[in-house]
Structures are given as structure tokens and as C-alpha cells.
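The values are calculated or read from the model by the stated rules, or taken from the named source; none is laboratory data. Computed from a prediction, not measured in an experiment: that's the story for all the values here. Neighbour counts run over all protein chains shown; Cβ positions are idealised from the backbone, glycine included.
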């Protein structure tokens, strides 16, 4: 009953967001068309290329996470699994790419409980870095005067605390002491995710540069922080698949004055096209990395 309600809520939220974006786009059509006519194609292509790097780093992060859990996941297998399932990101619900990868890891020899832990750590690392790095930028630049600065500070400290205690909680949550986390490899994976977190903001900055909407009073650090923090809030919004609507509104509120929030949010929504083109390209080359499902993932020595 609850799952059916959440599913309908997600579907309704997507329809409402699309309707709002269409209405705002129509109301601001002259401004938006002017911006698009002057767009710089080179920056747009660069944004697609930079975002495509995430398809190479995400599987590496997965391999490092399972190493910290005492398992060896070959990078080629993780890469083929990630690329081959990219179309599943666009199925209703927004969770099927993650679910599909979990099924393939289990077929390859990882216990279902450990697959759950691995997926949890992926999400925790992504969100943690978004709130630590993005929230840190917003907190440093805005202070805690407004609700955005205050929430950024709170989520930053919550993320730091959560990532600090996670290695101790995993054996208790799984109920098996043999699933102890290697702290050095956990920290190694966490550091890698911190570096990987720079890819999204870099592509977002290139996208905004292509539209020539970055003004002198907004720093690149502020844009990067706005992207990460808005993306993190979008992930937390369970009712919005892939954070649609939440990401655009929060990023617009951080980067534009209230009078221009609607038109800026619509332009920010266009960044999803960059991700779509990158995902399509990644899926196109996935045939070179078809993962085998008849092997076994080994344990770390």
C-alpha cells in the first residue's frame, strides 16, 4: 500500500515539475531563446566529455568499496555493468540502474547482504561528499544566516559524523562479524569519491559557461558548491526521481536573485540533456565491456 502510494507520488511529482518548467519556459521564452541562440557549442561539447568521465570513475569507486569489504570486483566487470545498464536510469522510479547492478553483482558471487552494504556505501559516499564539499562551500560563503546556509552546515556535520561511524556499524547491521571493514581501504575509497565529486561541478560550470549566464558576482566555487548541495538535496527528495525539480529550484535559489529564479531554474534543467547525451554515449560503447556473469568474485587476501 505504501509502496504504491510512493510510486504514484513520484509519478505525480514528475508531471507537476514538467508542467511548471514548461509554463515558466513559455513565460520566459524570449530570454531563454536569446540565451540559447548565443550558446557556445564548444563549452557544451566539453561539458558532455567531462561528465562522461563519471562513467569511468563510478565503477572504480565500486571496486574500491568492495575491496574495503574484503571482496575483489574487477574494474572491467564493474565498468561493463555500469555502462550496459545506463538506459535503466530513465525507467520510472529512477532506481533501476542501481537495482540492476546489484543483481549482476549478486549473480557474480557477492552475497546479497554484502551487495546491500555496497549499494549503501555508494550512496553514503556520494551524498556525504556532496554535503561535505558542497555544504562546506555554501556555509563558508553564506554563513548560517539563511535557511540554505544553516541547512548546509547541519548536513555537513551530519555527513562527517555518519561517514565516521559507518565502518563500525556495518558488521552490526549485517549481523556477520566476517564483514568487517578495512579502515585503510575505506578511507582510500572515501578519498577517491572526494576527487570524483569534482566531475559533476566541472561539467555544470562548463554548461553554464556555454550559456554565458555566469556573472562576475558569482564565483566558480559558489557554482560548484551549489551544484553539489542541490544534487544532494535532490537525492534525499524520495518523491522526486533523480531529484527532478528539487535540484533545479535549489540551485537556482543559490545562484540567482528571486526575481530570476524561474528562468534560471529552467536553464539549469537543461543540464539534464548533457547527462542524457553522456549516458547515451556511454551505453553505446558498453558493448566493448560486456560483463561475464559466470565467474566468481574472490575474497581479498
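Going residue by residue through the stretch 90-97, is there one that turns out to be at positive phi, in a loop (DSSP other than H, G, I, E, B) and at pLDDT below 70?
yes
Selection of the stretch 50-61 for residues being in contact (Cβ under 8 Å) with a residue 40 or more places away in the chain and either crowded, with 19+ Cβ neighbours inside 10 Å or part of a helix (DSSP H, G or I) (or both) yields 50, 51, 52, 54, 55, 57, 58, 60, 61.
Restricting attention to the stretch 102-140, the residues that are more than 17 Å from residue 170 (Cα to Cα), in contact with a helix residue (DSSP H, G or I) (Cβ under 6 Å, 6 or more places away or on another chain) and without any contact (Cβ under 8 Å) to a residue 24 or more places away in the chain add up to 3.
Restricting attention to the stretch 229-241 and to residues that are under 20 Å from residue 120 (Cβ atoms) and surrounded by fewer than 21 Cβ atoms within 10 Å (Cβ to Cβ), the residue that is nearest to the chain's Cα centre (by Cα) turns out to be 235.
Do you know which of the residues in the stretch 249-291 that are touching a helix residue (DSSP H, G or I) at 6+ places or on another chain (Cβ under 7 Å) and farther than 30 Å from residue 222 by Cα is modelled with the highest pLDDT?
Filtering the stretch 249-291 for residues that are touching a helix residue (DSSP H, G or I) at 6+ places or on another chain (Cβ under 7 Å) and farther than 30 Å from residue 222 by Cα, the one modelled with the highest pLDDT comes out as 283.
Being modelled with pLDDT of 90 or more, buried (at least 17 other Cβ atoms within 10 Å of the Cβ) and in a helix (DSSP H, G or I) is a property that residue 122 has. Is it the case that some residue within the stretch 181-196 is at pLDDT below 90, outside any helix (DSSP H, G or I) and farther than 30 Å from residue 40 by Cα? Within the stretch 181-196, one or more residues are at pLDDT below 90, outside any helix (DSSP H, G or I) and farther than 30 Å from residue 40 by Cα. When the stretch 112-136 is filtered for residues that are within 18 Å of the chain's Cα centre (by Cα) and over 24 Å from residue 238 (Cβ atoms), only 136 remains.
A single entry from 213, 264 fulfils the requirement of being part of a loop (DSSP other than H, G, I, E, B), touching a residue at least 24 places away in the same chain (Cβ under 8 Å) and surrounded by 19 or more Cβ atoms within 10 Å (Cβ to Cβ): 213.
Please state which one of 168, 129 is more than 23 Å from residue 282 (Cα to Cα) and buried (at least 19 other Cβ atoms within 10 Å of the Cβ). Answer to the check: 129.
Scanning the stretch 218-248 for residues that are in a helix (DSSP H, G or I) and within 14 Å of residue 272 (Cα to Cα) turns up 227, 230, 231, 234, 241, 242, 243, 246, 247, 248. Would you mind stating whether residue 110 is in a loop (DSSP other than H, G, I, E, B), at pLDDT 85 or above and under 16 Å from residue 62 (Cβ atoms)? Against the criterion (in a loop (DSSP other than H, G, I, E, B), at pLDDT 85 or above and under 16 Å from residue 62 (Cβ atoms)), residue 110 qualifies. Of all residues in the stretch 137-160, at least one satisfies being under 28 Å from residue 101 (Cβ atoms), surrounded by fewer than 18 Cβ atoms within 10 Å (Cβ to Cβ) and over 16 Å from the mean Cα position of the chain (by Cα). Whether any residue in the stretch 62-72 is crowded, with 22+ Cβ neighbours inside 10 Å, at pLDDT below 90 and assigned to a loop (DSSP other than H, G, I, E, B) is what I want to check. Yes, the conditions are met somewhere in the stretch 62-72.
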